[in-house]
1. Arg62 versus (1) without any contact (Cβ under 8 Å) to a residue 24 or more places away in the chain; (2) charged (D, E, K, R); (3) farther than 15 Å from Trp10 by Cβ: which is the lone unmet condition?
2. Please count how many residues of the stretch 114-127 are under 18 Å from Glu19 (Cα atoms) and surrounded by 15 or more Cβ atoms within 10 Å (Cβ to Cβ).
3. Just to confirm my filter: which helices (runs of 4 or more DSSP H) fall fully inside the stretch 49-154 and include at least 1 residues that are under 21 Å from Phe36 (Cβ atoms) and more than 13 Å from the chain's Cα centre (by Cα)?
4. Exactly one of (1) closer than 11 Å to Ala71 by Cβ; (2) touching a helix residue (DSSP H, G or I) at 6+ places or on another chain (Cβ under 7 Å); (3) charged (D, E, K, R) is unmet by Glu128. Its number?
5. Please find, among Leu60, Leu40, the residue that is in contact with a strand residue (DSSP E or B) (Cβ under 7 Å, 6 or more places away or on another chain), within 30 Å of Glu120 (Cβ to Cβ) and either among the hydroxyl-bearing types (Ser, Thr, Tyr) or surrounded by 14 or more Cβ atoms within 10 Å (Cβ to Cβ) (or both).
6. So how many residues does the stretch 78-105 have that are crowded, with 16+ Cβ neighbours inside 10 Å, more than 19 Å from Gln13 (Cα to Cα) and not hydrophobic (A, V, I, L, M, F, W, C)?
Amino acid sequence: MEPETTLKEWVRQHHVTWELGPWQELVEHRPATVGFELRLFGQHAPHSGASPGCDECAALHRKLRAIAFAAFPKEHRPTRYEVTPFDASFHLRPESAWTPEVQLAVRLVHREGYLAPLDECEKRCAGEIQEALRGLGVQPKTWSASRAATTLEG
C-alpha cells in the first residue's frame, strides 16, 4: 500500500471520481435493493495515446483497486465488498464531459443472506467509504480543480 500523500497526488493526476447507487436484484420476480454499487473512475494522463484495455488501463484499474481497499472499513462486518474484475472498455459519462475513463465497480452486499433488503450496516459502510474517499481527494461524480485545490489546502 502506498502512503496516503502518494495516493492523493495520483487521485489529482487522474481526476478520480466516484458514484454510489443502489444495487438491485430480482427477489420474488420484483426488483429489490439488496446493497450498493460503488463505481470509481480514473482518467489516463492527457495525451497518453491510451486505448481501451491497454497496459496503462490495467495499471489504472490496479490503482483504483488500491484506493477502494484503502477506503473499506477495516473490521469484519456483516457487509462484504465484491470488487468486479478489470473491464477493458473505456467508460464515457456526461459528468466527465465524455472523457474516456477506466472504471472499478464494487458491490456492497450482505455477507450472509445476499438477497436480504438493504440494511443499516450497508448504509454505514457506504457512508464510511465515501468519507474515506473524500479524505483521499476522490470527488463525487464530477472532477473539479477548485475542489481539488480546497482539498489540498485542508
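Just so it is clear, none of the values below were taken in a lab; they were calculated from the coordinates. Quick caveat, the model's predicted, so the values are computed rather than measured. Please note: Cβ atoms are built from the backbone with ideal geometry, for glycine as well, and neighbour counts cover all protein chains shown.
1. (3)
2. Our first condition is that a residue be under 18 Å from Glu19 (Cα atoms); within the stretch 114-127, this holds for 118, 122-127.
Adding the requirement that they be surrounded by 15 or more Cβ atoms within 10 Å (Cβ to Cβ) leaves 118, 122, 125-126.
Residues meeting the conditions: 4.
3. On the way: elements: 55-71, 120-135, 145-153.
The qualifying helices (runs of 4 or more DSSP H) are 120-135.
4. Status for Glu128: all satisfied but (2).
5. Values: Leu60 fails: within 30 Å of Glu120 (Cβ to Cβ).
It is Leu40.
6. Of the residues in that region, 3 qualify.
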